[in-house]
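Chemist: I have a structure here, written as structure tokens, and I will follow up with some questions on it.
Read the figures in this text as sums done on the coordinates, not as results from a lab. Since the model is a prediction, treat every value here as computed from it, not as a measurement. Note that we place each Cβ from the backbone using ideal geometry, even for glycine, and neighbour counts take in every protein chain shown.
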Amino acid sequence: MEQDFGKLDAIISAYRGKKGVLIPLLQEAQNLEGYLSRPVLKYISEKMNVPAAEIYGVVTFYSMFRLVPQGKHIIRVCKGTACHVSDADGIKEALIENLKLEGGQVTTQDMQFTLMEVACLGCCSLAPVIMVDDQTFGKLTPQAIPGILEKFSF
Amino acid sequence: MEQITVKVGLASCGIAAGAEDVYHKLEEDLAQNAGAFNLQRTACIGMCFEEPIVELHGSNLGVVTLGRVTPELIGPLLDEYKAGKLPSTNVILAEQHSAPRNDLLANQKRIVLQNCGVIDPLSLADYEARGGYKALRKALALSREEIIAEIKDSGLRGRGGAGFSTGLKWTFAAAAKSEKKYIICNADEGDPGAFMDRSVLEGDPHKVLEGMIIGAYAMGADEGYIYCRAEYPLAIAHLKVAIAAAEEKRYLGQNILGSDFSFELHIKEGAGAFVCGEETALMQSIEGKRGMPIIRPPFPAESGLWGKPTNINNVETWANIAWILLNGAAAFRAMGTEKSPGTKVFALAGKIAGSGLIEVPMGIPIRDIIYKVGGGMKTEKPFKAVQMGGPSGGCIPAELLDTIVDYDSITATGAIMGSGGMVVMDSGTCMVDVARYFLNFTQNESCGKCTFCRVGTRRMLEILTRITEGKGELDDIGKLEALATNIIKGSLCGLGQTAPNPVLTTLRYFKHEYLAHIEEKRCPAGVCSALLKFEIKPDKCIGCTACARKCPVNCISGTVKQPHVIDQSKCIKCGACFKTCKFDAITKA
Ligand SMILES: Cc1cc2nc3c(=O)[nH]c(=O)nc-3n(C[C@H](O)[C@H](O)[C@H](O)COP(=O)(O)O)c2cc1C
């Protein structure tokens with residue numbers, strides 16, 4: 001299947017020839033589909049004249065890059081120290097349960113939600129905290145989780 | 001009468017607590033009643049625990065600050081204020097009256113945070129009205145040597161954690177001979193539990209820019225980077241606005257303020273790797289590579305970004321520069337201790353009443369930070385320890401609460417000053433679990449270059465995990481200590497060199513908790529679930545069967561409307577029953 005790389009081309013041409021641009025380029029490319037597919041990585045490698053192995057090395061080093069399709073909404077559970085001592089694990093369990101994720105699965109069957117952890121969101125005074133897309137929810141209890149998920153599912 | 005001004009705190013923490021709803025309500029009110037008051041936005045004054053916060057100005061009451069404001073409450077409270085009456089509820093600070101939080105501010109000394117929560121961070125005019133960019137004008141009239149001498153004399157030490165003399169670092173970078181030099185602002189703020197840099201960038205971005213522009217001039221750099229972690233979208237947005245405004249007024253760009261000095265500034269977003277806060281890894285990352293630390297020397301001052309002389313400082317370090325230049329080294333030295341002059345910003349979090357952002361003079365005892373500035377403990381559970389320095393730091397116990405805040409005194413406890421995260425723990429926190437938490441973090445974040453850091457931290461994590469699961473043995477403690485020594489010796493960068501600190505300090509001050517886990521198979525704080533026993537209280541159980549249905553191993557039995565029982569031989573201590581019970585009928589101990 002031929003893929004249309006029009007948008008990607010626009011991103012690539014904005015960066016080509018400049019130094020130190022691989023990471024911002026990959027970040028923008030990832031924004032297109034929510035993840036970096038194999039054809040996309042290969043295409044970037046060819047157009048930027050950077051070995052695919054080097055790109056893969058960068059992509060796997062940084063936690064922000066994704067190699068598989070993501071759910072429509074990204075849920076980030078804060079694992080900061082303040083959240084940890086305020087039972088962030090209980091919040092994560094409640095999310096897993098409500099999203100019906102099984103056996104280490106991180107994305108729901110219907111591709112609505114992907115659950116991930118983040119080292120710290122820096123809203124420590126509101127611990128425990130989660131972020132859904134770009135909205136932060138604080139002072140959580142496991143009971144609050146269904147109501148929050150409700151807001152994002154339709 | 002003077003116009004009433006209403007300022008809403010719209011930093012990340014405020015927004016997360018619902019401040020935008022309050023702001024929108026005020027906008028609606030204004031639309032219906034134009035000119036009724038002035039509506040302004042500001043960032044964080046540091047009392048995150050009281051968010052959403054609204055500040056009222058302009059009546060004969062002086063400034064009154066309200067906390068935990070909701071869209072429903074704001075109208076009536078504002079009406080009271082307008083009528084010259086102290087609002088009947090929600091007042092946290094008042095200029096002319098006693099208010100519950102007045103003391104918390106009174107014990108602070110704010111120079112880095114001087115504008116945070118006061119000005120509109122998106123307004124360059126607000127910053128200028130508070131003396132902004134005066135230091136830059138002053139600097140441009142001085143020689144480069146004079147500026148560096150002032151910074152050196154001030155005794156300012158790097159606020160990113162290691163506490164190295166900023167003046168000395170600048171001297172090295174200034175002395176490097178090269179056509180091209182770079183300066184960098186380290187805004188990676190990776191320590192979990194730390195949000196000082198985020199608040200400064202969100203609340204007063206120009207202060208950081210002004211420090212950097214002065215530094216670039218003094219060291220002869222014409223290009224700079226701010227490396228900001230991507231988890232801080234608001235900070236990045238504010239920086240972009242600030243850079244554009246500064247360029248327009250020629251504080252940045254070609255021929256700054258008509259001089260022959262030019263300086264260009266870029267923002268680089270991180271991509272999620274803790275180790276990229278380490279300076280050599282950070283530069284690798286800006287170059288677009290995997291962020292792996294490299295061996296020093298050569299130090300960045302000789303060969304840094306793209307092989308050029310580079311100076312890197314932390315956000316808070318840069319935010320001190322303009323103040324020092326305007327007020328002089330002596331005024332800076334008048335605060336703090338001899339070896340650690342000035343102030344320090346701390347992020348208070350965990351089991352403390354007044355969690356948020358504070359700035360105090362160095363030399364203040366930790367006890368005063370917690371009880372006077374932080375308002376004491378959050379619940380009636382007693383203080384157990386305060387964690388300082390994040391994954392590189394350690395836990396300071398109650399008996400050392402009188403330790404004063406300076407680089408050397410904190411280091412003597414086995415913890416480190418670090419970047420300023422202070423997480424307060426109470427009797428409900430298990431110290432073995434805390435050590436395991438940090439080792440899990442460093443183990444995950446190790447870049448993998450050094451064997452001891454990569455494999456050693458994993459072995460330590462395995463040992464700590466089995467201790468918390470009740471499978472620990474007495475010689476595990478010796479194994480932890482031996483691994484710690486080797487990881488410290490065998491690691492190239494600060495990540496590995498400090499990774500064992502959380503284990504070493506908890507072993508030093510809380511060995512009895514390790515022993516309780518190992519010898520008695522007991523978790524004194526009641527945290528490690530594998531060591532807990534779950535039981536059903538027959539007098540409270542109404543036989544609703546919710547727990548029995550939840551139990552993954554079907555070890556709860558009983559008939560409907562009759563008290564249930566847990567079969568201890570089958571229980572896997574997952575705690576599901578405890579969380580499910582709505583009648584407080586299940587105990588864990
Ligand atoms: C693993 C690791 C993580 C670090 N993270 C940060 C950070 O997030 N922010 C920071 O300013 N310094 C961090 N540092 C320290 C930097 O390497 C460097 O010392 C600092 O940016 C220098 O600035 P200063 O002299 O103004 O403190 C880290 C160091 C290590 C070893």
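Chemist: Determine the calculated [θ] at 222 nm for chain B from helices alone, applying -39500 (n - 2.57) to every DSSP H run no shorter than 4 residues and normalising by the residue count; nearest 500 deg cm²/dmol. Present the calculation step by step, with values, prior to reporting the outcome.
Modeler: On the way: 23 runs with 217 residues, N = 589.
Taken over chain B, the calculation gives -10500 deg cm²/dmol.
Chemist: If you take the beta carbon distance between B:Arg508 and B:Asp222 as r and set R0 to 45 Å, what does 1/(1 + (r/R0)^6) give as a FRET efficiency, to the nearest 0.05? Don't jump to the answer; show the numbers that get you there.
Modeler: Numbers: r = 48 Å, r/R0 = 1.07.
Efficiency at R0 = 45 Å is approximately 0.40.
Chemist: What ³J(HN,Hα) values, in whole Hz, does the Karplus curve 6.51 cos²θ - 1.76 cosθ + 1.60 give for segment B:243-258 when θ = phi - 60°, with x put for Gly and Pro?
Modeler: 5, 4, 5, 5, 5, 4, 8, 6, 7, 9, x, 6, 6, 4, 6, x
Chemist: Projected onto the charge dipole of segment B:343-426 (+1 at Lys/Arg Cβ, -1 at Asp/Glu Cβ, origin at the Cα centre), which of B:Ile410, B:Leu400, B:Gly375 gives the Cα projection farthest towards the positive end?
Modeler: Value: B:Gly375.
Chemist: Now for a different question. What does the average come to when, for each residue of peptide A:124-137, you count the partner chain Cβ atoms lying within 10 Å of its Cβ?
Modeler: Details: counts 16, 20, 9, 6, 0, 2, 0, 2, 0, 0, 3, 2, 5, 2.
The shielding value for this peptide is 5.
Chemist: Number of Lys-Lys pairs in segment B:419-574 under 15 Å by Cα, sequence gap 8 or more or different chains?
Modeler: The number of close lysine pairs in segment B:419-574 is 14.
Chemist: To the nearest 20 Debye, how big is the dipole of the protein assembly as shown about its Cα centre, given +1 on the beta carbon of each Lys and Arg and -1 on that of each Asp and Glu?
Modeler: Details: 80 positive and 83 negative charges, 302 e Å.
Roughly 1460 debye for the protein assembly as shown.
Chemist: Lys/Arg Cβ at +1, Asp/Glu Cβ at -1, dipole of chain A taken about the Cα centre: which of A:Asn49, A:Pro142, A:Gly104 is farthest positive-ward?
Modeler: The Cα lying farthest towards the positive end belongs to A:Asn49.
Chemist: Show the residues, 5+ positions off or on another chain, whose built amide H is closer than 5 Å to the amide H of A:His73.
Modeler: It is A:Phe113, A:Thr114, by chain and number.
Chemist: Given Cα positions, please report Rg to Rh for segment B:87-167, the hydrodynamic radius being the Kirkwood one. Can you show the working numbers first?
Modeler: Values: Rg = 18.1 Å, Rh = 16.3 Å.
Ratio value, two decimals: 1.11.
Chemist: Continuing with this model, one more query. Which part of segment B:102-135 falls in the paramagnetic zone of B:Leu257, meaning amide N under 18 Å from the point 7 Å along Cα-to-beta-carbon?
Modeler: Of the residues in segment B:102-135, B:124-135 have backbone N under 18 Å from the label point off B:Leu257.
Chemist: Please report, in debye to the nearest 20, how large the charge dipole of segment B:45-115 is about its Cα centre when each Lys and Arg carries +1 at its beta carbon and each Asp and Glu carries -1 there. Could the numbers behind the result be given before it?
Modeler: Values: 6 positive and 8 negative charges, 42 e Å.
Charge dipole, segment B:45-115, about its Cα centre: 200 debye, nearest 20.
Chemist: So who's got an amide H within less than 5 Å of the one on B:Ile294, skipping anything under 5 residues away but keeping other chains? H placed 1.01 Å off N, in plane.
Modeler: Those qualifying (amide H under 5 Å, at least 5 residues apart or on another chain) are B:Thr280, B:Ala281.
Chemist: When the helix-only estimate is applied to chain A (DSSP H runs of n ≥ 4, each -39,500 (n - 2.57), divided by the residue count), what is the mean residue ellipticity at 222 nm, nearest 500 deg cm²/dmol? Intermediate values should be presented prior to the final figure.
Modeler: Values: 7 runs with 67 residues, N = 154.
Helix contribution divided over all residues of chain A: -12500 deg cm²/dmol.
Chemist: What does the charge dipole of segment B:124-332 about its Cα centre add up to, to the nearest 20 debye, if the Cβ of each Lys and Arg holds +1 and the Cβ of each Asp and Glu holds -1?
Modeler: For this selection, approximately 280 debye.
Chemist: Report, by chain and number, residues whose modeled amide H sits under 5 Å from the one on B:Ile586, excluding near sequence neighbours (fewer than 5 apart, same chain).
Modeler: So B:Ile586 has HN proximity to B:Lys537.
Chemist: Another question about this same structure. Which ³J(HN,Hα) values, rounded to whole Hz and listed in residue order, are derived for segment B:462-476 from phi using the Karplus coefficients 6.51, -1.76 and 1.60 in 6.51 cos²θ - 1.76 cosθ + 1.60 with θ = phi - 60°, glycine and proline given as x?
Modeler: Residue by residue, segment B:462-476 yields 4, 5, 4, 5, 6, 5, 5, 8, x, 10, x, 10, 4, 6, 4 Hz.
Chemist: While we're on this one: Karplus couplings for segment A:138-150 from phi (6.51 cos²θ - 1.76 cosθ + 1.60, θ = phi - 60°), rounded to Hz, Gly and Pro as x?
Modeler: Rounded to whole hertz, the list is x, 6, 7, 10, x, 5, 7, 4, x, x, 5, 4, 3.
Chemist: How would you classify the protein assembly as shown from its alpha-carbon gyration tensor, with a ≥ b ≥ c the square roots of the eigenvalues: rounded for a/c under 1.5, else prolate if a/b is greater than b/c, otherwise oblate? Walk me through the numbers on the way to the answer.
Modeler: Numbers: a/c = 1.43, a/b = 1.24, b/c = 1.15.
Judged from the Cα gyration tensor, the protein assembly as shown comes out rounded (a/c under 1.5).
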